Structure formats: C-alpha cells, structure tokens
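What follows is a set of notes on a single structure, which appears directly below.
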Amino acid sequence: MSNISELSKDLGHRVIICAGTGCVANGSLEVYKAFQDEMTKAGIHLIDTPDHRTPLDGDQQGLHLTKSGCQGFCQMGPLVTILPQNILYCKVQAVDVPEIVAETLVKGNILEKYLYLDKSTGKHCHGTDDIPFYTRQKRTVLANCGLIDPESLPEYLKENGYDAARKAFCDMTPAEVCKQMLESGLRGRGGGGFPTGRKWEMARIQPGPKKFVICNGDEGDPGAFMDRSLMEGNPHCVIEGLMIAARAIGADEGYFYVRTEYPLAVKRLRKAVEDAMAKGILGKNIFGTEHCLTLHVMEGAGAFVCGEETALIASIEGKRGMPTPKPPFPAQSGLWGKPTIINNVETLATVPLVIRDGVAAFRADGTEQAPGTKTFALTGHVLNTGLIEVPMGTTLRHVVESVGGGVTHDNGDPGGTFKAVQIGGPSGGCLTAEMLDTPLDYESLRKVGAMVGSGGLVVMNDHTCMVRIAHFFMQFTQNESCGKCVLCREGTKQMLALLDDIIEGNATAETLTLLEDLAHAVSVGSLCALGKTAPSPVLSTLKYFRDEYEAHVFHKTCPAKQCKNLLKPTIDAKKCVGCGACARKCPVGAISGERKKPHVINEALCIKCGACAEACKFNAVI
Amino acid sequence: MDEKKYLTIDGRQIAIEGERNVLEVARKAGIEIPTFCYHSDLSVYGACRLCLVDIAGRGGVASCSTAPEPGMVVKTSTKQIRAMRKIAVELLLAAHDQSCTTCYKSTSCKLLDLANKLGVTKVRFKPGFERMPLDNSNPSLQRDNNKCILCGDCVRMCQEVQGIGVLDFAGRGSHSRVVPAFGKDLKNVECIYCGQCARICPTGAIIPKNEVSKAWELLDNPEYKTVATIAPAVRVGFGEAFGMPVGTDVTGKITAALKQLGFVAVFDTTFAADLTVVEEAEEFLRRVTAGGTLPQFTSCCPAWVKYAEQFYPELLPNLSSCRSPQAMFGAMAKEMLPKLFDVPREKVKIVSIMPCTAKKFEAQRPEFSRDGDRETEVVLTTQELIQMIKGAGIDFNAIEPEAMDLPLGFKTGAGVIFGVTGGVSEAALRYAYKKLTGKNLANVEFKEVRGDDGYRRAEITIGDNKVRVVVVHSLSNAHKICEEVKAGKADVDLIEVMACPGGCVGGAGQPVYVGMETRKQRAAGLYRVDRNMQLHSSEDNPYVKEAYQNILGTPNSHKAHELLHTHYQSRKRIQDEDVLVSGSDEAQEKLPVTICVGTSCFKRGSQQLLQELTDFLKENNLQDQVAIKATFCHERCDRGPTANVDGTIMEKCSFEALRAEVVKRLRSAVAK
Amino acid sequence: MEKELSSATQFGKVCEILDRYDRDPAKLIPILQAVQEEYRYLPEEILTLVATSLNLPPAKVYGVATFYSHFTLTPKGKHIIRLCDGTACHVKGSTALLDAIRKRLGLTGKQQSTPDLLFTVETVSCLGACGLAPAVVIDDKVHGQVTPEKAVALVEELINAEA
Ligand SMILES: Cc1cc2nc3c(=O)[nH]c(=O)nc-3n(C[C@H](O)[C@H](O)[C@H](O)COP(=O)(O)O)c2cc1C
Ligand code: SF4
Ligand code: SF4
Ligand code: SF4
Ligand code: SF4
Ligand code: SF4
Ligand code: SF4
Ligand code: SF4
Ligand code: SF4
Ligand code: FES
Ligand code: FES
Ligand code: FES
Ligand code: FES
C-alpha cells in the first residue's frame, strides 16, 4: 500500500533525521549534530546550508543532511532514514553515529542492529518498504511528512508544491474550486465530517469584500497528534490548502490558530509563511493575479474549547473563548462578523491533493460516502503506537491488529487481551471486541455511538477499567467546559461526582439512573458540541460495558481491579510462597502468616492500599 | 398585498411579524417559555438553555437564538425538554446557596419561581459550590456570588447598555464566576451604582442595599422628627406591587401609608425638582448670555455624575453645578424644618424614597453632610418602602389617600416629569420659554424631547432663540455624546443624561420589571399626572417663590449656591498601588518621581513621558538616583499628563519640563 | 504604598509590547502572552495598565486572563514541570508519575508550586508526543516513556543543580 518509496527517489542522496517532537525528546537533535561532525570528519561533502535555500540538485556530488517532521513511528525514534536505499534505522543515539557513518554511508553496509525487528516474523526490516507498520498504511496526506525538510520551501516546491494553489488562482474560478471540492466528497477531518465543498460554497455566495479563512490547529483531543505532525512536518502543504480555501471563498486574510503546547509547529508555520511571503507566493498579487492573501499565525492560550469554531473566533478577537449559538454559522457571520470558514489542518492538507490530482484520484481511496484517507493517532496498549494513515472505511481490526501489531500487556509486551478501543476522544465512545470489524467512517461509527472525531484511537487491554475511562474523559470535559451553559458547566461536574461515587463504592441503583438521565439532559441541552458530546464516553461505556458498572455499583468490585476502594485483596494460597514481603509492606499490619506458609489478609484491618499486591513477586495477591 | 408568514407552535398557527426569534413569536401568542438569559434589550447569549424547544427536523434548539422561519413546527414542552429543564434547575440549585426564606429576592426570584413551576421538589445532586464572600462594600448594592447562576445578564447590561463593563466572567468551567476586575469589591472599581445589573439579575445575586431597619430605627426614636420625601417616579411604580395597573398614580395612598408608619410629615422631592428647574435653567441661560462653558449637562442623576467624574473629568466644567433634587431637598428641609418643628437641626431626619440605588451613594457624599450630620439620613428604594408597608401590615389597597404636607409637599407638573427621560429638558424649556418670551405657554408639552430612544436630538425655537437639546438615557449613549462634545462635533446647547433606561421610571429601586413596556407605561403615568396638575411650570410653584423670597434670594445667588449647588471631583478610575518602574526602592536618598498612567493621562501621552524619562536617565547614568514609579491616578485627570516629583505635582507635564525639574532637584540634592 | 516588580522588569517593557501589537485590543491574547513571557506571570498592576492602554474594561482583561489555562496570575516556579495526562499518557500510567513527582517536591493538596518558587508542577492534556507516552515536559524539554523513577531522577537533577 505504501507509496513512500516513489517519492523518496526524488530526494537524491541524503540522510534524514526525524526532528518531530517525539524524536527530539529522544535525542534526535544530538544525533543530527553527530552526523554533521562525523560526515565532515569522514570527508563526505555535506550539502547542508543552514537555510536550505540552495536549489536541490540531484547531480551534485555529496550527501544532503536534513531534518524532517514526525514520521509517525515516534516509539522507535530517533529515526534515521538513508536515501536512496531507503534504509530506516531506529532508536539511533548520538554515540551510534560514527559507526553508521563509517559502515553505511562510507561502505554501504547495512547495520542490522539498527533495523526494525518485526517481532511477529523475527525478521529485520530494511525500511518503510517492508516494515509492516508502514506497508499496511496508505500514506498520501502524510506522504511527504517525514521525508522533505519542513523548513525548506525549495524542497516543497520541488515536490510540485504550490502547483495546486497556482491552478486554483490562475486556471479556476472560485465556483469551480468549490465545485471540485464538492465533487471530491472531501469531508472535514476536524471531527464533524461536514462536506468541505458545501462549507466553502456557503461562504463563497456571501457578499464580500472582506472574508476570512482560518486553519484550526488547536488539536485539543488528548491523545491525538495528527495535526501537529502535519504542521511540523509539512507546513507548506497546510498553507497551500488554506490559500486554495481563500481563493474559493474570496478571502484576503487568514489565520492559523495553533495550540500553545505545539511550539515547534508554531515556529515552522511562522517560518513557512515568511518564506512564502518572501517568495511572492503569499502577499500581494499572488501568482501574478490581482489577488492578495495575508496569513497570521496565532498561538492559543490553553483552552480545549477554542477548537470549537465560534470559540476559536472569539479567541482570535481577543475574548474569552466561549462558544456562541449557531446559526449564524461562521460562513455567514464569523470573525469580526465577516463570512469566515474554518477548516481543520488535515482537511486543508488534503485540499491541494484534490485540486492537483483531481476528483477521481482522490476518490480512489475510501468509501463512497467518505472518500480519501484519514490519519489516526494510534496509542494505548498496542504494539506499534504512532501516527498512521489508512483509507476511510478500513476496519478497526486492520488498524489494531495489522498496523498496530496487536494488543500489548501493560508493560508493552505483545500478547495482551483486547478489551476496547476508544475512538473520537472525549466526544467519542468505546467499542468492544465484537465491533472490531466496524469500518472507520463517519456513519458507521456514529451508528455504534462513537465518532471519527479528530482521530485519536486508544487501544485498551483487559486491565482497563471502563468506568475509570469514562471518569477520565469526564474529568477532561469538566475541566475544559467553558462554563457558559448550565448543563455542561454543572452537568459535567455532577456526572463526574456520580462517577466518583461509583468508583469509590458509594453508588446505588439510583446513581446509575441519575447518571443516565443527566447524561441525556446534558447532550440535549448543551450549547456547543463540547457539552453535547461530553456524555458520549459515559453513554457508550454504559451501553457496552454495563456489567462493569453494575459490578461496581451492586457488588462493589472492580472487575479490572483498578478501583482501589473496591479492591478486596486476598492471597491466593496456591501461589503464595510465604516470603512475607507483603506483610512487611502492609502499612496497617493486616497480613499475617508463618514463613513459607500461605499468608492471609485480615479484611477488617485492610485499608485497600494495594501495597501488598505491588510487593508480591509471585502475583499471589489478587 | 404582502402575505403573512406563519409557523406552528404547539399546534397553533402563529404569524411571524418581524420577531427576531422563535421565543418572541411564542411569547406574543401567550405561550410562555422559561428563560434566564434572554432580554429583548440585550444581546442574545444563549447560555441558560431553558428556552430550548423542539423544532421538527432540527431537534432541540434554543428559541432565543433561533430566527423564526415560515413553516417551522415548534414544540415547546416535549417530554425530553421538560426533563432537561428540570435537571437544569436542579443543577443550578445544587450549585446555589439555597436560602430562600431569608432571601431578599424570594418574592421575585426567577429561579425559585421556575423550581416551583417545574415541580422540583428535591435536588438529586450533591450540593457543591465554592463559597465566596459577600460584597457589601458600597452604599448602593450588595453582591452575593453564592446566588449567581451565571446567566450573564448583568454583564451584558453593564457592558451593552451602560457601556462600562464593571462586571465580567472570570475563571472557566465550574470555577466561572461573575465579578468585577480581579474579584475586587464594587467600591474599588468603576461602578456608578446605577443598579441596572441588580434590576436585571434573575436571582438574589445582586440586590439593592436594604436600609429598612435603619428607617425603622429613626421612626422608633421619639427624639427625632423623621420626615419622608418621595421622588416623582416612585408614585407610578408603586402600585404594581399591589396588583394595580402599571403607571397608576398612588401618591395619596403612599402619603397615607407613610403617615401610618409614623413619619411626622410627608413631602415631595418634586418640590425640589421645581427648584432644580429654576436653578438649572437660570444657570443655563447665564452660561449662554455670559459665554460660559457650553453645552451644559444636567446633573440630577447621581449615577451619571459619578460616571462623568470617573470617565470624563475634562467635561466636569460642563456639568450644571446644581445638586440633584434629592440633595436640594435635603438642604432645604434641613434649613426650614428645624424652625418649623422647633428642634435642633440634627434632630430632623430625612428619609428619601427613591426609584434609585445611586441615590444611596449620593446621600453619603461628604458634600451633603454638615458636621457629620447627613442632610438625607436614609434612602429607601420604592421596593424597600413596599416591604416596609407590607411588613407593617398596612392594607395598601384599602388605605384612603391623604394630601402631602406643606410647604415641601407642593409641586408642579414640571417637577413630576423629572422621573422620565426628557422630563428635565422639558421642564427647563417650559421655564426658559416664559423667561425669554415673557409669555405663558399655550401648550406646555414639548413632544420633541419625549420618547424612549436612547439618544434623541431636538431643536426648539423659543422666541428668537433656538435651543439645541440632546436627551440621552443609558450611559452607553452618554459615552457617545461625551465623545462628540470632546471632539467639538456635538452641535448642542443642553444635554440631559439619565443613567437608567427610560430615566428614573426604569430605576433599579423600582419593582422588578422586564421589557420596555412597563417603563413606558410608568412614563405615561407621569405624563398623566402632569396633565392633571394645576401648574405646569416650576416658577409658578408658590412655595418655590416663597423659598426664594424668604431664604434663597434670587436664583443662583450666593445662598442658592450654598444650598442648591455642589462641586465635582475627578475620581480615581482605579484605586491602586504604584508600580515601581526603575531604580530599586531601598536607597532612601533617591529622588521619587511618580508618573500617572491612568486612563486620562495615558491618553495624553504619559507613557511616552515615562519612556522618555527612563531613557534619559539611562543615557546619563542617573537611573540609580531616581526611583520612577507609575501610579494610576493623581486625581487631576483633567490636567494630565501629571507627574509628581518628590511632592511637587506637575500638570500638563511635558518631557522637557519634567527633565528640567528632575535635573534641578538632583542638582540641589548634590549641593546639600 | 507601592509594589515592587522583580528588579529585571522595566515598565518600559510593557509599553514596548503594547506598541509591538499596535495597542490593538483584538491582540489582547498575544499581548498577555508576551507579558507573561516577560514577567513569568501576569501581575495585577500590569494587567490594569494593559486594560487602560487598550481602552478595555479591566474586568474584561481579568476575564480573559483567567479563562485560558496558559495564563497565571500568581508567580510560577523557576522550573516548570508539565505532566501529560492525555488519554495516551493516562492509560500508560501518568498518574503514578504525578504522584511521584509531587511527593518528591512535597506538594500537597491543591498546591502547584513549591514555597521557594523553584518548581511548579502542572498537568496538561496531551503534548502531542503520545507515541512516547507517558510524556513529561521539564522547562520546555520533552521527555518520553518516563517511569516514576526516571521522573524523580530528573527532578533530583534539577534540585542538585539549584543547590
Ligand atoms: C470542543 C470542540 C473542540 C474541537 N477541537 C477541534 C480541534 O482541535 N481541531 C479541529 O480541527 N477541529 C476541532 N473541532 C471541530 C471544529 O469546531 C470544526 O468543526 C472544524 O475545525 C471544522 O473543520 P473541518 O470541517 O475541516 O473538519 C472541535 C469542536 C469542538 C466542539
Ligand atoms: S457546552 Fe460547555 S463548552 Fe459548550 S458552551 Fe456550554 S459550557 Fe461552554
Ligand atoms: S491492601 Fe494495603 S492494607 Fe490491605 S492488606 Fe494489602 S498492604 Fe495491607
Ligand atoms: S508477597 Fe506474595 S508470595 Fe510473599 S507472602 Fe505475600 S502473597 Fe505470599
Ligand atoms: S436567589 Fe432565589 S433561589 Fe436563591 S436563595 Fe434567593 S430566592 Fe432562593
Ligand atoms: S411553609 Fe412551612 S416550612 Fe415554609 S416557612 Fe411556612 S411553616 Fe416554615
Ligand atoms: S451598578 Fe451599574 S455600573 Fe455598577 S455594575 Fe451594575 S450596571 Fe454596572
Ligand atoms: S449576578 Fe445575577 S445577573 Fe449576573 S450573572 Fe449572576 S445571576 Fe446572572
Ligand atoms: S436615572 Fe434616575 S433612577 Fe437611574 S440612576 Fe439616575 S437618578 Fe437614579
Ligand atoms: S517524532 Fe520522529 S517519528 Fe514521530
Ligand atoms: S433564554 Fe435562551 S438560552 Fe437562556
Ligand atoms: S488619570 Fe487621573 S491624574 Fe492621571
Ligand atoms: S496523551 Fe500525553 S502526549 Fe498525548
């Protein structure tokens, strides 16, 4: 499925160091520095101008050394890619670099120890062409991410960059752009799945002259980082998408609204905008036309709700990020009361592909109702965590088992038991093993009480307590509620309190009824989608894991053994070797027993602190 | 012929006639949808969610923020929506200091009312709110955040109608609260005590300060001669509390009730309003003829006066120096009544019944006390008097009207219409007409200045003169005209400002009302009273004439100034501490320089001054010898930018002057 | 009475910041961000000054400053430890990390900063490094796959450096 290698052929001889947030955290900048030093020492001609503005010339002798954005496989980072052989070295540290330079770059030997080991086959994989994590994906939007240097405009231009924008500005009318988007069937990747063409058309027909375009880079869903990777790894393609949007509706000013937790994305977007300005791609008389476009990059200030369109607009206007009732929709009256469209980063990154390659090429992937591909952030108890891209309609099973390499134990070892996958973040729901064959598309997921959302996919093994998961998301939404409307502000607080009761063993049958009633009221009555969807994790877990709730409420036990107050630690006499470790750790002296004989816990004394279970090396405390 | 468009609400066809939203269409048809956060004169907020209705094809939407469309099928009370509303009220109550039995608001509380209507008999949720202290800092209002339901009505009222923005949301989520800046008390911020926030608050979270017990204390003390005086607007708001039609004039009944409560005499603030007309009109004519500062602003609304002191100190010379009728009454009564009752001045106690919360603040201004003895001892709002009367067990509906006492109970129609926007101007025009033409008016009604628009202009020809009048109410409109005056673009001679929408009939001390209709009917009531009076011009009031003969001499005389006029002070906009700018504070021998960066000085370039001085000191290596501080006001805002160099306050300070002064001081310090 | 701001701060800085944003009330958020970068928090005096300069009611500026979690009205510690408690990190045990760090620094209850203002511990929801869950950011450097032991070691390092 992969089409990465084709692209990589264009890039000549080069070493690419991943400089996404994940790899940087693991030391990739030091690796980069080491390559610089070692390559120079080894007498390799290093094509590494600081601003990357030298035109790239395949014939030039020597090697490029570049940084890239996230390649999606952060867990294995820092990643080093060597072209044209397309070798991928994993977990490279600075100390490893002399060896790599000497062996691979100079002599051309592949060092097996840095290659990815496919645990299922026991074989070492060469690179993205044979690592299952990559081959089982379909990377189109992400294709360039992780290959090209995000800070280099010439490189983007070399990869046909800004061709689509040129086409939209020079060869198409705004109506034609909207029509092509509509025909492509592209739907918003920011969560709602609203057809992008329809949104643009609505804004296009509004009277001008002043209109705005906004790129929503707030990506607040905990556990999702697709948009970050795009902004960091290929900022120009997001800019190009926003340009096309501006062309489509006739806007001459635009904003990137990026959450403040993404400093690297902000930096790279700012640089990309500056470079594009300097090159005359943005600014006045774009591509020689009479059209102008100014883009600003604005940092958020820490509020999840500002991902909501009307709150985001309020935030740009310098106000508290509180949503306002819709209608009027931003397309009618948005920023400063002017027609405004807001699109998600990934949506915009897809736009140039649709314009450049045409509707048919775009529709080749995905389903009729949901064409194209979608990126997901695959995390949790799964072997391969990371950023992935698959065609819409791919089954969950493919993602979890094939791309993700299956479920893990808590410690990360393969072979865990699948319990649920949470999709759609705090607005989404949990799906069970029976639903693994659900295709990932808007309608199918909505039918089962989840949603595509922005694309967070959290896999959970059987050690996960579903009540606690619901509690976790409720805590998140409660914390992030803007506080404007009653049901969301007070309702999430009370739902959280009810979940607290359940977890702490203070719940009764009434708690469950009240929780359900309240959840329905909140979803009916809230002003914006944050509140409307906040009960989803509760409702979906109540629906699919009701027995788990009931166990907490009626039997005061937590089947996953996660809720401390419901633990009734006992010692399995068969497993206990009588080492006494637990008794020494017990803070209240509740454990007694003779040496080398099974110990017992005095339930009356036990305060359920869990220390004994932690202390026992023989897993005898259950 | 234009065809009417219809929608269906609860099975009934209802015409759409330009309503902004479904809610108003429903209300027009008499279908009540509960709301906390919708008010026709404020922007749509959409937060309380109680107005949710079910619209076919759209599901639950807030009716206050949904435009009516032909063919819509609306249901206002589905099972789902009823359940949601009930839960919403329960949620609010769980986060609320439920102390209804002792709550001032319990007779008009929307939350309590809805809880009853929706059948909330039990709050199933755990109580939980972060208790916040009561704000009792000021004479006019009391804020209790523990009863706030965060509907934001007060925020929008203060921002949109009054144009001030004293209150705003702070915090987020369940930690949200509505507070003045930095959670300070109202006393320490720009609040002008108009009380409109309290008027619109659906709960007891902001209420007028209650002084009923203080009034009882006076009445209970046999040594005192306690008299009452009632403001014009009170008489037409009062009856609402007793089921009478809005706008009914109940002056006689109030008088009787006050007597029954034990007041030794009952007077009319309208008498003082007549005095105000004479003084203010004379002042105006004098300014015109003697080339004084024009345009002249009225000064009878204490909220407006405080506003001008805070935000437009440079326009203070334009304010009429006349006291408000309440303050004039106080001075005259304290002058006349001790003789009449044959008691010392401080034994005469005046209780003023007002539609107004700002008057409570005004009565406490030091200008209106003599040797610690307040001219107006207690100010009760219309509502407080209603409470007192009910509390005393008086059957107000049955009580026989009585006449007020003389001399201070006599009035003309001109004074009565003070209670409605445009009234002061009209009264002044009646006076000016006679004065300038020497003729009696055939038709006393100057319709040009009447109406309910927040900003009205009129040009009135009196003999050979033209008087250009602007009448504004709601201070956002005052802001507009003030800016125009400052820019020299106002084209106006006389400006009347009333802080409350509609003037005092819409004051915050009146019985709680919603919508403009009530205050319009109260206004109509006042005009009716005027029409039914014998006299319509203040100068015709025989007791006013007598007062001039016996006490005051002529209008604007020295004695009149002493009793009937006042002076203003520019006020700190922000009470605050100074901020150290450069130079550490420790070394004593440093030259202290403070530069004002308050609004007014800021606008006049004080920050540049600050910057230039800092740079200058740095360049000359003097920064260690001078401690520069920024302050938020030297209280000389009209003469900014101001700087204080070691005790010397420099006004209209240029950098050159400041530099010269600083250098001079440093030299003399060295010389020592 | 006057209040002293930290000696490094010059009043002029605020003016500079305000000028940089054309004293445009719409730029309130970037202005506050710049002010916070300068002073490490938003002092009340400065906020009042910002409000006056932008012609905004101080209550509004206060409202904005208290809405966004990035802003703080009390001084933060010298070292800022931000722990991710996003979904990915949560399921991989971020709670244990938080407990360990807070315990090492002796933070109790709602306390976020140590009394000597050397450390502030906050939780954030998702740093976008979910692939490396659980993640911790210490003074702007991201650390991935952190265990409680590793977290405490990182803190120790800072404590020793400060000693
Ligand atoms: C609480 C909330 C948070 C949201 N956060 C984001 C976000 O972080 N990024 C995003 O693109 N869309 C987010 N959305 C969805 C946006 O409101 C909006 O629908 C989207 O940006 C539209 O872009 P699209 O049509 O390209 O998907 C959020 C919505 C809600 C209600
Ligand atoms: S639903 Fe929640 S986030 Fe949305 S407006 Fe209401 S309180 Fe704010
Ligand atoms: S859970 Fe804690 S208190 Fe109970 S037996 Fe184990 S160590 Fe002792
Ligand atoms: S630690 Fe485990 S094996 Fe040892 S005594 Fe306790 S329960 Fe038995
Ligand atoms: S505000 Fe209303 S609900 Fe609250 S205590 Fe007062 S009367 Fe009761
Ligand atoms: S109704 Fe009953 S509870 Fe309420 S005040 Fe009267 S006696 Fe007390
Ligand atoms: S009394 Fe008037 S000025 Fe003061 S907060 Fe209320 S509305 Fe604003
Ligand atoms: S104080 Fe009153 S009006 Fe203001 S938000 Fe609270 S409840 Fe609403
Ligand atoms: S308009 Fe009347 S009621 Fe309102 S503040 Fe002014 S004087 Fe008081
Ligand atoms: S940051 Fe390098 S693969 Fe994600
Ligand atoms: S009245 Fe419509 S939401 Fe409050
Ligand atoms: S603002 Fe009042 S003296 Fe400067
Ligand atoms: S959930 Fe922790 S970095 Fe995303």
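The set of residues in segment B:165-187 being more than 7 Å from chain C (Cβ to nearest Cβ) and closer than 16 Å to residue C:61 by Cα consists of B:176, B:177, B:178, B:179, B:183, B:184.
One line per residue, one yes/no per condition, for (1) touching a residue at least 12 places away in the same chain (Cβ under 8 Å); (2) over 19 Å from residue B:303 (Cβ atoms); (3) of a type in the set (Lys, Arg); (4) in a strand (DSSP E or B):
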residue: B:337; (1), (2), (3), (4): yes, yes, no, no
residue: B:351; (1), (2), (3), (4): yes, yes, no, yes
residue: B:361; (1), (2), (3), (4): yes, no, no, no
residue: B:379; (1), (2), (3), (4): yes, no, no, yes
residue: B:386; (1), (2), (3), (4): yes, yes, no, no
residue: B:393; (1), (2), (3), (4): no, yes, no, no
residue: B:401; (1), (2), (3), (4): yes, yes, no, no
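For the residues B:256, B:281, the requirement of being in the same structural domain as residue B:504 (by TED's automatic domain parsing), part of a helix (DSSP H, G or I) and crowded, with 20+ Cβ neighbours inside 10 Å singles out B:281. Listed by first and then second residue, the pairs with beta-carbon distance under 6 Å, at least 6 apart or on different chains, first residue in segment C:126-139 and within 17 Å of residue C:96 (Cβ to Cβ) and in the same structural domain as residue C:153 (by TED's automatic domain parsing), second part of a helix (DSSP H, G or I) and of a type outside the set (A, V, I, L, M), are C:132/A:22; C:132/A:74; C:133/C:89; C:134/C:89; C:134/C:94; C:135/C:89. Here's a check for you: in segment C:10-54, which residue that is among the small types (Gly, Ala, Ser) and either more than 19 Å from residue B:610 (Cα to Cα) or without any contact (Cβ under 8 Å) to a residue 12 or more places away in the chain (or both) is surrounded by the most Cβ atoms within 10 Å (Cβ to Cβ)? Per the criteria, the residue is C:51.
Residues that are more than 16 Å from residue B:199 (Cβ to Cβ) and either in contact with a Ser or Thr (Cβ under 7 Å, 6 or more places away or on another chain) or within 16 Å of ligand 1 (Cβ to nearest atom) (or both) within segment B:150-173 comprise B:150, B:163, B:169, B:170, B:171, B:172, B:173, listed in sequence order.
Tell me, please, whether a residue that is part of a loop (DSSP other than H, G, I, E, B), surrounded by fewer than 23 Cβ atoms within 10 Å (Cβ to Cβ), facing chain A (nearest Cβ under 8 Å) and more than 16 Å from ligand 10 (Cβ to nearest atom) can be found in segment B:47-64.
Looking through segment B:47-64, none of the residues is part of a loop (DSSP other than H, G, I, E, B), surrounded by fewer than 23 Cβ atoms within 10 Å (Cβ to Cβ), facing chain A (nearest Cβ under 8 Å) and more than 16 Å from ligand 10 (Cβ to nearest atom).
Counted as qualifying within segment A:535-620 are the helices (runs of 4 or more DSSP H) with 2 or more residues that are polar (S, T, N, Q), modelled with pLDDT of 90 or more and away from ligand 1 (no atom under 16 Å from the Cβ), namely A:536-544.
Scanning segment C:44-101 for residues that are more than 8 Å from chain B (Cβ to nearest Cβ) and among the β-branched types (Val, Ile, Thr) yields a count of 10. Screening A:506, A:479 for residues that are away from ligand 9 (no atom under 16 Å from the Cβ), outside any helix (DSSP H, G or I) and not assigned by TED's automatic domain parsing to the domain that holds residue A:449 leaves exactly one candidate, A:506.
Residues in segment A:379-414 that are buried (at least 23 other Cβ atoms within 10 Å of the Cβ) and among the polar types (S, T, N, Q): A:379, A:384, A:385, A:394. Across segment A:590-612, the qualifying residues are those that are within 14 Å of chain C (Cβ to nearest Cβ) and on the phi < 0 side of the Ramachandran plot, and the one among them that is nearest to ligand 11 (Cβ to nearest atom) is A:609.
Rundown of residues vs (1) crowded, with 22+ Cβ neighbours inside 10 Å; (2) away from every other protein chain (no Cβ under 12 Å), yes/no style:
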position	(1), (2)
A:251	yes, yes
A:258	yes, no
A:274	no, yes
A:277	no, yes
A:308	yes, yes
A:318	no, no
A:329	no, yes
A:332	no, no
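Checked against (1) under 22 Å from residue B:123 (Cα atoms); (2) facing chain B (nearest Cβ under 10 Å), residue A:532 passes all but a single condition, namely (1).
Tell me the residue from A:527, A:539, A:518, A:498 that is within 31 Å of the chain's Cα centre (by Cα), surrounded by 15 or more Cβ atoms within 10 Å (Cβ to Cβ), closer than 23 Å to residue A:305 by Cβ and away from chain B (no Cβ under 14 Å), please. From the options A:527, A:539, A:518, A:498, the qualifying one is A:539. Restricting attention to segment A:295-309, the residues being closer than 22 Å to residue A:267 by Cβ, within 12 Å of ligand 1 (Cβ to nearest atom) and in a loop (DSSP other than H, G, I, E, B) number 2.
Of the helices (runs of 4 or more DSSP H) contained entirely in segment A:148-209, those carrying at least 1 residues that are of a type in the set (Phe, Trp, Tyr) and away from ligand 1 (no atom under 16 Å from the Cβ) fall at A:153-158. Is there a residue in segment C:102-112 that is within 14 Å of chain B (Cβ to nearest Cβ) and out of contact with any Pro (no Cβ under 7 Å at 6 or more places or on another chain)? Yes, segment C:102-112 contains at least one residue that is within 14 Å of chain B (Cβ to nearest Cβ) and out of contact with any Pro (no Cβ under 7 Å at 6 or more places or on another chain).
The set of residues in segment A:310-346 that are assigned to a helix (DSSP H, G or I) and in contact with a helix residue (DSSP H, G or I) (Cβ under 9 Å, 6 or more places away or on another chain) comprises A:311, A:312, A:313, A:314, A:315, A:316, A:335, A:336, A:345, A:346. Looking across segment B:452-474, the residues that are surrounded by 14 or more Cβ atoms within 10 Å (Cβ to Cβ) and under 21 Å from residue B:303 (Cα atoms) come down to B:452, B:454, B:455, B:456, B:469, B:470, B:471, B:472, B:473, B:474. A single entry from C:116, C:99 fulfils the requirement of being surrounded by fewer than 17 Cβ atoms within 10 Å (Cβ to Cβ) and either within 16 Å of ligand 5 (Cβ to nearest atom) or modelled with pLDDT of 90 or more (or both): C:99.
Taken together, the residues in segment A:398-439 that are under 19 Å from the mean Cα position of the chain (by Cα), more than 18 Å from residue A:463 (Cβ to Cβ) and either of a type in the set (Lys, Arg) or part of a helix (DSSP H, G or I) (or both) amount to 8. Among the residues of segment B:35-46, those that are crowded, with 19+ Cβ neighbours inside 10 Å and not β-branched (Val, Ile, Thr) comprise B:36, B:37, B:38, B:39, B:45, B:46. When restricted to residues that are of a type outside the set (Gly, Ala, Ser) and either within 16 Å of ligand 9 (Cβ to nearest atom) or surrounded by 15 or more Cβ atoms within 10 Å (Cβ to Cβ) (or both), segment A:575-599 contains 9.
For segment A:439-460, a residue qualifies if it is farther than 17 Å from residue A:546 by Cα and either assigned by TED's automatic domain parsing to the domain that holds residue A:347 or surrounded by fewer than 19 Cβ atoms within 10 Å (Cβ to Cβ) (or both), and the qualifying residues are A:439, A:443, A:446, A:447.
For (1) crowded, with 23+ Cβ neighbours inside 10 Å; (2) assigned by TED's automatic domain parsing to the domain that holds residue A:204, each residue gets a yes or a no:
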site: A:91; (1), (2): no, no
site: A:102; (1), (2): no, no
site: A:163; (1), (2): no, yes
site: A:168; (1), (2): yes, yes
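The values are calculated or read from the model by the stated rules, or taken from the named source; none is laboratory data. Here the structure is a predicted model, which means the values were calculated and not measured. Positions of Cβ are backbone-derived with ideal geometry, glycine not excepted, and every protein chain shown enters the neighbour counts.
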